[in-house]
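Since the structure comes first, as C-alpha cells, the remarks are kept for the end.
The values are calculated or read from the model by the stated rules, or taken from the named source; none is laboratory data. These numbers were taken from a predicted model, which means no experiment stands behind them. Virtual Cβ from ideal backbone geometry, glycine too; neighbours counted across all protein chains shown. We work out accessible area using only protein heavy atoms, side chains counted, and drop any ligands, DNA or RNA first. Shrake-Rupley method; radii C 1.70, N 1.55, O 1.52, S 1.80 Å.
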Amino acid sequence: MEKEIISTRQFTIITILYSIGTAILIIPGSIANAAKQDAWIAAIIGVIISLLNVKLFMTLAKQTPTLTFVEANKKILGRFFGTMTALCFVIVTILSAGELLYFIGIFMQTEIMPETPMMAFALLFSIIIMYAAYLGIETFVRSAEILFPLFLFIFIFFVICITPQITLDNIQPVLEASKTSMLYSIMRFLSIFSFPSVLLLMLYPLTVNVQHSVQKGFYIGTIIGGIVLTTMVTLSILVLGPDSTTARTFPSYALAQRISIGYFLERIEVLMAVMWIISLYIRSFMYFYTSVVGLAQVLNIKDHRPLILPMGLIVIGLSQILHPSIVHSNNYNNEIWPILSFIVMILLPIVMLIVAVIRKSKLQKKEEV
C-alpha cells in the first residue's frame, strides 16, 4: 500500500482527542471513588506523570523510526518473542475496541434512548469505524480536524455554563485522602488517559511528515487532553460533590444535566454526549485500526483492508459479550484494566527499549573492534 502522511498539527489533534476518549465521562467517578474530594489532585499528578510516559514512547520510537510499534516488537525482541508480544498487544487492542462499542451502547441506551437495543448503537458505530479504517489514516485525520473545533466549542460552552453552580465546600478538606487511595486514583487515571497513548506509535514517527516538531506536538496534545480531563474532574467534584460523583456511572453527563440559564437554556446535556462521541470515535478508531493493521503485520500481510470486515464483526460480537452488566464493566476498569494496561502498554515498551539499547551498544562495540 502507498505510504500515508499526516502533518504535525493533525497528529497533535489526534493526540488530544485520543487521550480524552472515554475518559471524559468515566474518569471523574473512577478516581473520585478512592480519592474523594482530592480527585482533582490525583488528575494533576497523573497528567505530570503522563509526560514521562510520552518521553518513554518517543525514546522507543527513535530506536525504530521506520517501523510501527507492532513491527518494532518483531525487530527488537526477535521473530518468536516479538511475534508473541505483538500478538498479545493486538489482542488487547481488539478487546478494548469491543469495550468501547459497549460503552457507546450502554451510554446511549441508559441516558438517551432507553428502548433501543445496545446492538443497534454498536452496529452503527462500528460501520463508521470500519469505513474510516478502509479509507485510511489521511482521511481519518481530516475528519478529526473538522470535529476538533466543534469539540472545543462545546467544551468551553459547557465550562462557562456550569461554573455558576460551583460550591467550594465540596472540595474541602484538601489533602484528606490517604496515600494508598491517592495512588489507586493516579493509577486508574493513567490507565485510561496515558497508558493507551502507546497506540500512537502506530502513527509516530512513521506517518508524520515533520519529525523535529512532532515531538512537541505529542507533549502539547497530552497536556491539553490532561487539562480537559482535570477540568472535568474538578467541576464534577465542585458541582456534584465527591459522593454523588462516585455514585454516578457517567458523572460528566450528570453535570451537564445541571445546566440551567434563565429557565430557558436547559436540557442541553446532549451537547455533552456529542463531545464524548467525538472523542470516543477517535479512540475507538485507533484501537480498531491498530488491531487490524497490527494483525496484518504479524501475519506479514501487505494490505490490511481484507481484514477490516472480519475484525469488525469480531469487535461487534465482543461488545455484546465482554461485560454482562455495567457493574462488571466498572470492576474491570477499576481493578483489572490498570494492571493489564501497565503490563502491555508500559512494561512492554520499557523492556523493548532496554533490549534495543543493549543490542545497539553491542553492535557499536563490534564495529569498533
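Looking at segment 84-125, the GluC sites (Glu not before Pro) that sit in a DSSP loop and have at most 12 other Cβ atoms within 10 Å of their own Cβ are E115. For segment 178-280, state which trypsin sites (Lys or Arg not before Pro) are in a DSSP loop and have at most 10 other beta carbons lying within 10 Å of their beta carbon. Passing sites in segment 178-280 are R267. Amide H to amide H distances under 5 Å link I6 with V208, N209, where only residues 5 or more positions off or on other chains count and H is placed in the peptide plane.
How would you classify segment 1-94 from its alpha-carbon gyration tensor, with a ≥ b ≥ c the square roots of the eigenvalues: rounded for a/c under 1.5, else prolate if a/b is greater than b/c, otherwise oblate? Here segment 1-94 falls in the prolate category. In order along segment 272-281, phi translates into HN-Hα couplings of 5, 5, 4, 4, 5, 5, 4, 5, 5, 4 Hz, rounded to whole numbers, per the Karplus curve 6.51 cos²θ - 1.76 cosθ + 1.60 with θ = phi - 60° and x for Gly and Pro. Rounded to whole numbers, the Karplus 3J(HN,Hα) couplings from phi for segment 282-297 are 5, 6, 5, 4, 4, 5, 5, 4, 5, 5, 6, 5, x, 5, 4, 6 Hz, using 6.51 cos²θ - 1.76 cosθ + 1.60 with θ = phi - 60°, and x at Gly and Pro. The trypsin sites (Lys or Arg not before Pro) of segment 1-58 that DSSP puts in a loop, and whose beta carbon has at most 14 other beta carbons within 10 Å, are K3. Would you mind telling me the share, in percent, of accessible area of segment 130-183 contributed by carbon and sulfur at probe 1.4 angstrom? The computed percentage sits at 69. What shape does segment 52-201 have by the C-alpha gyration tensor, where a ≥ b ≥ c are the square roots of the eigenvalues, rounded means a/c under 1.5, and otherwise prolate means a/b greater than b/c and oblate the rest? Because a/c hits 1.5 or more and a/b fails to exceed b/c, segment 52-201 counts as oblate.
Per residue, the accessible area of segment 265-307 comes to 36 Å² when a 1.4 Å probe rolls over the protein heavy atoms. The phi-based Karplus calculation (6.51 cos²θ - 1.76 cosθ + 1.60; θ = phi - 60°) puts the 3J(HN,Hα) values of segment 113-122 at 10, x, 8, 8, x, 4, 4, 5, 5, 4 Hz, whole numbers, x for Gly and Pro. Seen from V298, the other residues with C-beta closer than 10 Å to its C-beta sum to a net charge of 0, counting Lys and Arg as +1 and Asp and Glu as -1. Straight Cα distances below 27 angstrom link K302 to the lysines K3, K62, K74, K75, with same-chain residues fewer than 8 positions distant left out.
With all protein chains in place and a 1.4 Å probe, the accessible surface of segment 296-369 carries 68 percent carbon and sulfur. When the alpha carbon gyration tensor of segment 299-369 is reduced to an equivalent ellipsoid, the three semi-axes, largest first, read 39, 23, 5 Å.
Positive end of the dipole of the chain (Cβ unit charges, origin at the Cα centre): among S30, P205, T12, the Cα lying farthest that way belongs to P205.
The convex hull of the Cα atoms of the chain, projected and averaged over all directions, covers 19.3 nm².
In terms of its alpha-carbon gyration tensor, segment 152-197 comes out oblate; a/c meets the 1.5 threshold, while b/c is at least as large as a/b.
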